[in-house]
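K.L.:
Let me give you the structure first, and then I'll get to my questions.
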Amino acid sequence: MVDAYARDVRVTSSAPILGRRALNRALLERQMLRQRVALPAETAIERLVGMQAQNPFDPYTALWSRLEGFEPGELSGLIEQRRVVRATSMMRTTIHLMSADDWLDLRAVLQVVSDRGFTTGSPFGRQLQGIDVDEVVRVGRDLLDEKPRSIAELRALLKDLWPDRDADSLAYAVRYLVPLVQLPPRGLWGKGGLPILATPETWLGRSVGGDSAPDEMILRYLAAFGPASVMDIQSWCWLTRLGAVVERLRPRLRTFRDETGRELFDIPDGPLPDPETAAPPRFLPTFDNVLLSHKDRSRILGDQADWAVGPNQFDDVFRGGSVLVDGFVRAGWRVERERGRRGAATLVVIPVVPLSSSDEAVVGDEAERLLGFLASDATQRDVRFEPARGPGSAAGLTGSRSR
């Protein structure tokens with residue numbers, strides 16, 4: 001390992017430097033956020049290596065911002081046709097929307113993340129100390145093989161068998177440790193429903209793969225999020241000790257360094273647009289992976305020291321998601337449906353740094369288009385800018401526009 005580290009230093013010292021804007025433009029290009037692309041939704045989801053989806057409707061906004069002419073019925077149809085699934089306990093142990101093929105291939109790679117998340121990253125593992133968790137998982141899987149069930153149903157059935165144990169912990173042992181998907185109508189556009197869990201055998205007629213090697217998954221991450229450091233990769237998937245894997249892949253990769261000297265890895269043909277390439281405004285949902293998939297998130301958040309937003313304000317400012325202006329997060333947004341004005345909808349933009357009048361104009365235009373997508377049934381649609389929350393916050397417009 002000493003020789004490997006020495007070689008890392010030599011490579012890093014001679015590798016080309018990529019500044020923040022260069023990394024930003026590379027990320028936007030690969031995430032289909034620099035310009036919308038004409039792709040089927042299923043292909044886009046695979047290119048992104050899945051989409052974080054604990055909010056069932058986040059992927060609809062995320063795809064609308066990336067794809068030309070995206071219609072929500074396309075994604076709902078893919079879920080109903082079982083070509084796309086809402087998978088539990090994937091990257092960062094969260095729910096991800098993935099193609100069925102991708103989920104079956106990648107679930108084994110991330111099993112160790114689910115195991116660790118249950119054992120040490122949640123209270124549930126601690127509640128089940130001294131019990132045969134493997135037996136709980138076996139029984140839970142048998143129950144789900146009989147038919148899809150909700151967490152509440154699992155909780156009641158498992159509590160009958162282990163009456164002296166915490167019911168939630170019994171049910172979540174199964175949810176964490178067994179590969180599962182949530183069934184529609186959960187995740188269908190305009191519909192609701194409790195999460196109903198099913199095994200891949202029940203829902204897809206197939207089993208997850210058995211290959212746990214992360215090599216190909218890392219290459220796909222770099223294609224979607226690179227150039228990136230080892231710590232970036234680990235922040236995305238929560239696998240650990242990936243340095244040796246990246247070292248194994250080094251002959252297949254090209255290397256760069258960022259402005260701090262950190263070594264970055266990339267696939268050979270990953271696009272690197274000119275840092276001054278134009279980047280139109282884009283609205284992202286709350287948990288878009290582009291915001292969460294690097295240890296150093298300055299390539300998409302910019303300099304957060306410029307934000308005058310206290311920690312207790314984040315949930316309010318970014319309730320609906322974030323807004324990219326010139327490629328970086330510069331505002332939050334939310335949609336309000338007002339009582340007493342039947343069908344009326346307002347999209348509120350909350351800048352965290354001052355926006356120029358020209359930026360507000362193009363953000364407002366994009367906001368109107370998004371509101372037309374999210375609230376197509378509204379009899380009246382407004383876009384409203386709140387005062388900027390940031391240095392010099394008196395600048396900018398604070399009015400509204402209606403349609």
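K.L.:
Just to be sure, is GLY332 free of Cβ contacts under 8 Å to residues at least 40 places away in the same chain and on the phi > 0 side of the Ramachandran plot?
P.N.:
no
K.L.:
Let me ask something else. Taking the range 101-115 as the search range and keeping residues that are in contact (Cβ under 8 Å) with a residue 60 or more places away in the chain and of a type in the set (D, E, K, R), which one is farthest from GLY50 (Cα to Cα)?
P.N.:
ASP115
K.L.:
Tell me, please, whether a residue that is under 22 Å from the mean Cα position of the chain (by Cα), modelled with pLDDT of 95 or more and either part of a helix (DSSP H, G or I) or surrounded by 14 or more Cβ atoms within 10 Å (Cβ to Cβ) (or both) can be found in the range 355-366.
P.N.:
So far as the range 355-366 goes, yes, one or more of its residues are under 22 Å from the mean Cα position of the chain (by Cα), modelled with pLDDT of 95 or more and either part of a helix (DSSP H, G or I) or surrounded by 14 or more Cβ atoms within 10 Å (Cβ to Cβ) (or both).
K.L.:
To continue, here is another question. Go through (1) within 21 Å of ASP58 (Cα to Cα); (2) in contact with a helix residue (DSSP H, G or I) (Cβ under 7 Å, 6 or more places away or on another chain); (3) outside any strand (DSSP E or B) for ARG381 and report which single condition fails.
P.N.:
(3)
K.L.:
Does GLU247 meet the test of being open to solvent by 50 Å² or more (accessible area, probe 1.4 Å) and modelled with pLDDT of 95 or more?
P.N.:
So GLU247 does not fit the description; no.
K.L.:
Also: Filter the range 258-277 down to the residues that are open to solvent by 60 Å² or more (accessible area, probe 1.4 Å) and touching a residue at least 24 places away in the same chain (Cβ under 8 Å), then identify the one that is farthest from LEU28 (Cα to Cα).
P.N.:
ARG262
K.L.:
From the residues in the range 211-233 that are without any contact (Cβ under 8 Å) to a residue 60 or more places away in the chain and aliphatic (A, V, I, L, M), which one is nearest to THR260 (Cα to Cα)?
P.N.:
Residue satisfying both the conditions and the ranking: VAL230.
K.L.:
I'd like the residue in the range 193-212 that is part of a loop (DSSP other than H, G, I, E, B) and open to solvent by less than 50 Å² (accessible area, probe 1.4 Å) and, out of all such residues, is farthest from ARG83 (Cα to Cα).
P.N.:
The extreme case among them is GLY193.
K.L.:
Further, regarding this structure: Among the numbered conditions (1) at pLDDT 95 or above; (2) among the charged types (D, E, K, R); (3) within 21 Å of LEU23 (Cα to Cα), tell me where ASP215 comes up short.
P.N.:
(3)
K.L.:
Among the candidates PHE314, PHE283, single out the residue that is aromatic (Phe, Trp, Tyr) and open to solvent by 20 Å² or more (accessible area, probe 1.4 Å).
P.N.:
Every option except PHE314 fails the conditions.
K.L.:
Okay, next question. Given the conditions (1) open to solvent by 60 Å² or more (accessible area, probe 1.4 Å); (2) within 18 Å of the chain's Cα centre (by Cα), and given that ASP132 satisfies all but one, which numbered condition is not satisfied?
P.N.:
Unmet for ASP132, out of (1) open to solvent by 60 Å² or more (accessible area, probe 1.4 Å); (2) within 18 Å of the chain's Cα centre (by Cα): (2).
The values are calculated or read from the model by the stated rules, or taken from the named source; none is laboratory data. Bear in mind the structure is a predicted one, so any value in this text is a computation, not a measurement. Heads up, the Cβs are rebuilt from the backbone with ideal geometry, glycines too, and the neighbour counts pull from every protein chain shown. Protein only, heavy atoms only, side chains kept; ligands, DNA and RNA dropped before computing areas. Shrake-Rupley method; radii C 1.70, N 1.55, O 1.52, S 1.80 Å.
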